[in-house]
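Scroll down for the structure; my scribbles are underneath it.
The values are calculated or read from the model by the stated rules, or taken from the named source; none is laboratory data. Note that the coordinates shown come from a computational prediction; the quantities given were computed from them, not determined experimentally. Cβ placement follows ideal geometry from the backbone for every residue including glycine, while neighbour counts extend to all protein chains displayed. In case anyone asks, the SASA skips ligands and DNA or RNA and just uses the protein heavy atoms, side chains included. Shrake-Rupley method; radii C 1.70, N 1.55, O 1.52, S 1.80 Å.
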Amino acid sequence: MVGSRLDTADVTICVSTESSLPSILSLAADSGVHAPSTRREGLSSAPAVRCSLPSGEGDPPLPMRGKGAKHARLCAGPWASALAGMPLMPLTGAKRAQAGLSDVPLSSSDIGAIRRERAACALVSILPWAAAGFVLGDSAETVATRPVADTAARLVRALASYGVSSTEAAYSALGRLMSRVMLHHPGATAIEGSHVSDFLAAEQPSATTLTALTWLRDHCGLAIPARGPVCRPYRCRPPIAPRSNESLSIGAVVSLEYLTAHHPSEWVRGQAAGWSLIARLALRLEQAQSCVINAFVQHTCGGESFTIAVGSVRRDKHPNPAKRRPRPIWGVVDGLDRAECIRESLHAMLTGVEASQYLLRDTNSPDGDPTRATAWVSAPLKGNPRIDASLQALLRLPPASFSPEEASQIHGHAAKRFLLNVAEASAAFTPVEACEVGRFSMSTSQSSDLEPVAAMLQAHSLRASVLPDVYAGKAKVARVFDLLVKAHLALRSARRALAADPALLSTGDASWGSAGPFASERPAQPPLTLTHSA
């Protein structure tokens, strides 16, 4: 072999002028030798397909109204008949009660399945013809000979297996892209790289839009340059705006507990108990409305007995939906002023709907405000407007008595942050212990040997008092319970500070800062060290 060599301090490059082996690029197509795949593991290795645009000939096959109509009016593809099979969302709140469905059980999983199917129908309605072969793995001949309605239904079933956020973002991004190309490039027959570049320059896209374009390439096979030079200038994410009121304050949680024990309305007591438990378990709303309480167990720590709510979420959060697994949840459920109030009101709210797997039950209130309710509805509280109306109405009641402006700053995610802020504000916790309280990555709740079994995911066991076998006798579970008790004791100390100085009662972040109820305890109180006792 004859070659030349270029040597530098860091690099040695060999250039061969002759070789006995042919280049992969020079091999015949049927040689059986292929370049290594650059596709991410788990994605289809099929080649991308041309993202053709509708010809605009003829009328849309269906009346375009409701979900999916926004882009289907202009960009309806060959599979627009998918909109005809789109299921309706189930009635909720007052409408469900008026239809006589108050006692008909409706679970979060039922609602989730319908939402996924609706999002898939909308996306399928604007997909190009060639995407069917990529998604279904069929040849062009198979797709051409099959009835259109059959192919559309198959596409919906396939794409409904993905999360709602993915398919809805993909529908929005593809619809906006196609609409712009058809408006500004009337003669175009397919989306080209320059079209995508113009679209991104005009929109200054969010990270969600860029991710959606990548998702369309990976899961629908559309030949959109979602990676590389076209998208690279827009990959820098802007700084996240501060959220000054992202957590419930100590005063808000104390007020919710008071309502569970003293308010005359059972619907206020029940939803206040649900929000109180969500805060104690550090749950996201999605988890809270798709979880099961397995038992209320007694845990002795430092010579005192505490009630621990032990449950299971059906799917924990993970960027890859395929890796979302059931996970344990746990938290001290004792009230700060009256031990049994949260548990009693929660039991009253969930009795009769144990199999529906949620912590916040809906009412017949027209907007979600429990003070306007007169009956329970056997369905989970769903939809951001109703969820916000519930929590904000409770915070406007005494003793918290938030103003409408203050309450409007509090949303459902505020409950998730509460216990984490307790761990951060209290001197009793190290960062590792705070991770355990929040059940983050590498925490005990993520252990594979603690994954809830199928029987634990079926229905609430509100009367059970025995720790499930999968957790029983395990020292690491007892250590987590000790940490939860430590958080409860920190809360109890802060509650005493509030009772001594009501001025510490705050609606915002001040309850966690240097002027908050934890601050008065910090100089004199060393970190708590608790030893588990059997």
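Rule-of-thumb check for region 351-496: C-alpha Rg over 2.2 N^0.38 Å?
Working: Rg = 18.3 Å, N = 146, 2.2 N^0.38 = 14.6 Å.
Rg over 2.2 N^0.38 Å, computed on Cα atoms: 1.25.
How much accessible area does S290 have with a 1.4 Å probe, in Å² rounded to the nearest 10?
My reading of the accessible area for S290 is about 30 Å².
Can you return the lysines within cross-link range of K95? Criterion is Cα-Cα under 30 Å, with same-chain partners fewer than 8 residues away left out.
K67, K70, K382, K416
Within the set of other residues whose C-beta is less than 11 Å from the C-beta of V292, count the net charge using Lys and Arg as +1 and Asp and Glu as -1.
Values: positive: R314; negative: E354.
With Lys, Arg at +1 and Asp, Glu at -1, the net is 0.
Compare E436, E344, E203 by solvent-accessible area with a 1.4 Å probe and give them largest first, with all protein chains kept in place. Please report the intermediate quantities before stating the final value.
On the way: E436 40, E344 95, E203 70 Å².
Correct descending sequence by accessible area is E344, E203, E436.
Taking the full set of protein chains and a 1.4 angstrom probe, give the accessible area of H411 in square angstrom, rounded to the nearest 10.
For H411, the solvent-accessible surface is approximately 80 Å².
Excluding A309 itself, calculate the net charge of residues whose Cβ lies under 11 Å from the Cβ of A309, where each Lys or Arg counts +1 and each Asp or Glu counts -1.
Details: positive: R280, R343; negative: D334.
Summing Lys and Arg as +1 and Asp and Glu as -1 gives +1.
Leaving ligands, DNA and RNA out of it, rank T307, T351 by accessible area with a 1.4 Å probe, largest first. Working shown, then result.
Working: T307 5, T351 70 Å².
Largest accessible area first, the residues go T351, T307.
How far is it, in nm, from the label point at S206 to the one at T374 when both lie 7 Å from their Cα along the line to the Cβ?
Result: 3.9 nm between the two label points.
Could you tell me the accessible area of K486 in Å² (1.4 Å probe, neighbours in place), rounded to the nearest ten?
Around 20 Å² of this residue is reachable by solvent.
How much FRET efficiency would the formula 1/(1 + (r/R0)^6) give for R496 and E354, where r is the Cβ-Cβ distance and R0 is 56 Å, rounded to 0.05?
Details: r = 36 Å, r/R0 = 0.64.
With a Förster radius of 56 Å, E is 0.95.
For the pair V453 and A188, how long in nm is the line joining their label points, each one 7 Å along Cα→Cβ?
So the two model labels end up 5.7 nm from each other.
Hey, if we sort F134, F440 by accessible area with the 1.4 Å probe, largest down, what's the order? Present the calculation step by step, with values, prior to reporting the outcome.
On the way: F134 20, F440 90 Å².
So the residues, ranked largest to smallest area, are F440, F134.
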